[in-house]
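Visitor: First, the structure itself, so that you have it in front of you.
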Amino acid sequence: IRYWSNIPFITMPLSRAHGKSFAHRSELKHAKRIVVKLGSAVVTRGDECGLALGRLASIVEQVSMLQNQGREMMIVTSGAVAFGKQRLRHEILLSQSVRQALHSGQSQLKDMAIPVLEARACAAAGQSGLMALYEAMFTQYSICAAQILVTNLDFHDEQKRRNLNGTLHELLRMNIVPIINTNDAVVPPPEPNSDLQGVNVISVKDNDSLAARLAVEMKTDLLIVLSDVEGLFDSPPGSDDAKLIDIFYPGDQQSVTFGTKSRVGMGGMEAKVKAALWALQGGTSVVIANGTHPKISGHVITDIVEGKKVGTFFSEVKPAGPTVEQQGEMSRAGGRTLAALQPEQRAEIIYRLADLLTDQREEILLANKKDLEEAENKGRLALPLLKRLSLSTSKLNSLAIGLRQIAASSQDSVGRIIRRTRIAKDLELEQVTVPIGVLLVIFESRPDCLPQVSALAIASGNGLLLKGGKEAAYSNQILHHLTQEALSIHGVKDAVQLVNTREEVEDLCRLDKLIDLIIPRGSSQLVRNIQKAAKGIPVMGHSEGICHVYVDTDASVEKVTRIIRDSKCEYPAACNALETLLIHRDLLRTPLFDQIIDMLRVEQVKIHAGPKFASYLTFSPSEVKSLRTEYGDLECCIEVVDSVQEAVEHIHKYGSSHTDVIITENETTAEFFLQHVDSACVFWNASTRFSDGYRFGLGAEVGISTSRIHARGPVGIEGLLTTKWLLRGDNHVVSDFSEHGSMKYLHESLPLPQRNTN
């Protein structure tokens, strides 16, 4: 065990040229100079004799990556004592075995007693080996490392402190990674020990305080403290109610219960917190995280620098509103209260929201105008996304109509009995609909999505977390305000929450204890990213909307151009817009084919030729790069097929199981297409654009799902419900139904209550 004199040093941190610490995790990617403190539990093996080589190799790889990005990395490391203990144990065993062999003629290793090893001797034996290991590992990445051993006096003596400072700056200037450790071989004997004397005085007595002192002395941007726990908890880690504290603010010490120290090392969590607060006051941002079992991607250091939600982040800036975790808890509690309301009360909330959309249209359109002006000035949105961002009086009127449809159709959505069974005499089972729980809906450039999704969540009794794109910030803010105003009439304002913090989408997708279902609304890239990031939370949606229209040989001339024009040109940015047009081979070089091409040219649709279509033409349009392309604009692919069977095969191979259409007057061909195409929506002689919750009479939709589990196609109220089983008995036990029991199973289906169809 290492001990340090508790002599206090400089009473206030040195002034910082680069200003205050970072206020938010997202800013950590700008950190230039970084100190990584490796606790003894991180560096050593579980048996405390030797180093955790695989873990160290990963740490060195991450530090090297950041160093090669142009950052200035420093490591404060433990491990010399553990490495030395391993070497000395080996030497003692070898020495004892030789002596016993000489005296008794046989080795009795199992009877050998290894003496207690003195820590300073272990450190002396381990320092060189530890440094040699670091040098060998960093050499793999063409990085040079240098060892610096410090003692208490190096900070106490002003000249030595300046010398140390100059040495570190020179090493950093030469792109060398300094590896700093306390010189445990000459550590003074144990003295009465005291912890850090508040945040204005720090004494270097363990590697936590050493790392904090170095971070402030060197004007470091970020201090990463790695230990064997995930961070700070509001109660002892491992207890049932323990919750990881995402952000820790000065003054929050009273909310933390400190447990025991780690299995090895000098500093406990209390020492880490006090050192972190001292560094924070000195202008250095701090993150305390788990370096033994990283939970994010296995690269805890680089994840922290990228701003991911890892460990506990120390910040001096306390947000005005609740954290996203608190919002999740508020949403769950509000959702349960919402589900307990009478159906008429939930409908009343939605009717009120519909009225507010029209009554407050001027304020809504004014906020939307601000969003549009900012997006146009910054030039960050493509034209299709600008169209999605734009609201209008007609859009708001349509929204209000859709919301009233939802209210009218939601009267018996929650608590509806869908199955009744008499299990035995006086033992009846019911299956009833219930809300899923808490929904996280992530949407971009679609402010009209907010009231739609909110109404569906209210109707289905679900709590709701909304994460909108920053391009629609003003619109989302006023629409959420109106939603909460409507919810307030029955005291359930907290059921719908708008996440306004700098929470990254990837971090939200990890809140598996707060969120029951994620619904992305946006680009295919957004959906793919969310599906990849979601950890243990189901995702409802579709990553792409590659919709096909197949024109059969028996297609009506009058219907073809109307359906194709509507499918492609009415709203090309929509996920249910036509992307690939399949033409039967016999229609090539016919008047119908010419009409299709002429119409697309008039509508200024850019045509890409599929491989087979291109082979039929002498001078063809640009050949398509991929038949799995969602253009989202006035572009489409044309491909040729030989039959309806080939059209179905093409759709299965290149489609996204969203919406596919056949245009034909042949009922047999149409039925074959309808039955064999395995997509969420399959239409005959109708535009792909009908694939929509409002047009289906659902009032609105939270999205279109191409999943094969739970909901599929446009997802309305029914898709946001699950079921639970209610069993009502009278002193029933399973043993009564055994072979010699007194009761027998009946399993009789019982009639369902009459539904309210008004």
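Visitor: Past 29 Å, Cα to Cα: identify those pairs from 29/274; 559/606; 318/395; 467/535; 243/272; 85/219, in the order given.
Guide: Long pairs (Cα-Cα over 29 Å): 318/395; 85/219.
Visitor: Another one. What accessible area per residue comes out for the chain, rounded to a whole number of Å², with a 1.4 Å probe?
Guide: 45
Visitor: OK, next. Determine the share of region 548-701's accessible area contributed by carbon and sulfur atoms, expressed in whole percent, with a 1.4 angstrom probe.
Guide: The value for region 548-701 is 48 percent carbon and sulfur by accessible area.
Visitor: Residue 513 to residue 718: FRET efficiency via 1/(1 + (r/R0)^6), r the Cβ-Cβ distance, R0 25 Å, to the nearest 0.05?
Guide: Step by step, r from the Cβ atoms, then E = 0.40.
Visitor: Among 162-175, 526-539, how do they line up by average Cβ neighbours within 10 Å per residue, starting with the highest?
Guide: 526-539, 162-175
Visitor: Show which lysines lie in cross-link reach of residue 724 when reach means a straight Cα distance below 20 angstrom and same-chain residues fewer than eight apart are skipped.
Guide: Correct list for residue 724: 513.
Visitor: With no solvent and one point on each alpha carbon, what is the Debye value of log10 I(q)/I(0) for region 623-669 at q = 0.20, 0.32 Å⁻¹?
Guide: Per q value, in the given order, log10 I(q)/I(0) is -0.81, -1.42.
Visitor: For residue 293 and residue 528 in one chain, what is 0.36 nm times their gap in residues minus the Cα-Cα distance, to one decimal in nm?
Guide: Going from the current span to full extension adds 81.9 nm.
Visitor: How large is the direction-averaged shadow of the alpha-carbon convex hull of the chain, in nm²?
Guide: About 48.9 nm², averaged over all directions.
Visitor: Structure shown: which of 32/378; 387/568; 308/369 lie over 21 Å apart, alpha-carbon to alpha-carbon?
Guide: From the list (32/378; 387/568; 308/369), the Cα-Cα distance tops 21 Å for 32/378; 308/369.
Visitor: Here is a follow-up. In deg cm²/dmol, rounded to 500, what helix-only [θ] at 222 nm does the chain give when every DSSP H run of at least 4 residues adds -39500 (n - 2.57) and the total is split over its residues? Can you show the working numbers first?
Guide: Details: 23 runs with 285 residues, N = 758.
Computed ellipticity for the chain at 222 nm equals -12000 deg cm²/dmol.
Visitor: Select from 465, 382, 148 the residue farthest towards the positive end of the dipole of the chain; place +1 on Cβ of Lys and Arg, -1 on Cβ of Asp and Glu, and compute about the Cα centre.
Guide: It is 148.
Visitor: Further question on the same structure: Would you please classify the overall shape of region 324-533 from the alpha carbon gyration tensor, given that a ≥ b ≥ c denote the square roots of the eigenvalues, rounded means a/c under 1.5, and beyond that prolate means a/b larger than b/c while oblate covers the rest?
Guide: prolate
Visitor: A further question follows. Listed highest first by mean packing, meaning other Cβ atoms within 10 Å per residue, what order do 396-402, 461-467 come in?
Guide: Answer by packing, highest mean first, reads 461-467, 396-402.
Visitor: Still on this structure: Which percent of Cα-Cα pairs in region 548-701 sits in each 5 Å bin, short to long?
Guide: The distribution over region 548-701 is 2, 10, 20, 25, 23, 14, 5, 1, 0, 0, given as percents.
Visitor: Here is a further query. Which peptide among 641-647, 682-688 comes first, and what is the full order, when sorted by highest mean count of other Cβ atoms within 10 Å?
Guide: Packing order, densest peptide first, comes out as 682-688, 641-647.
Visitor: Residue 604 to residue 337: extension gain in nm, 0.36 nm per residue of separation minus the Cα-Cα distance?
Guide: Working: separation 267, 0.36 × 267 = 96.12 nm, distance 5.22 nm.
Going from the current span to full extension adds 90.9 nm.
Visitor: In debye to the nearest 20, how big a dipole does the chain give about its Cα centre with +1 on each Lys and Arg Cβ and -1 on each Asp and Glu Cβ?
Guide: Using only the charged Cβ atoms, the result is roughly 1800 debye.
Visitor: If R0 is 45 Å, what FRET efficiency do you get for residue 752 and residue 554 from their C-beta distance, rounded to 0.05?
Guide: Efficiency, rounded to the nearest 0.05: 0.55.
Visitor: I'd like the FRET efficiency for residue 643 and residue 622, computed as 1/(1 + (r/R0)^6) with the beta carbon distance as r and R0 of 25 Å, rounded to 0.05.
Guide: The formula returns an efficiency of 0.40 here.
Visitor: State whether region 532-620 is rounded, prolate or oblate according to the following rule on the C-alpha gyration tensor (a ≥ b ≥ c being the square roots of its eigenvalues): a/c under 1.5 gives rounded; otherwise a/b larger than b/c gives prolate, and the remaining case gives oblate.
Guide: Values: a/c = 2.37, a/b = 1.97, b/c = 1.20.
Note, shape of region 532-620 comes out prolate.
Visitor: Now for a different question. Between residue 170 and residue 135, 0.36 nm times their residue separation minus their Cα-Cα distance comes to what?
Guide: Fully extending the segment from residue 170 to residue 135 adds 10.8 nm.
The values are calculated or read from the model by the stated rules, or taken from the named source; none is laboratory data. Quick caveat, the model's predicted, so the values are computed rather than measured. Virtual Cβ from ideal backbone geometry, glycine too; neighbours counted across all protein chains shown. The protein model used for the area step is the full one, side chains on, heavy atoms only, and it has no ligands, DNA or RNA in it. Shrake-Rupley method; radii C 1.70, N 1.55, O 1.52, S 1.80 Å.
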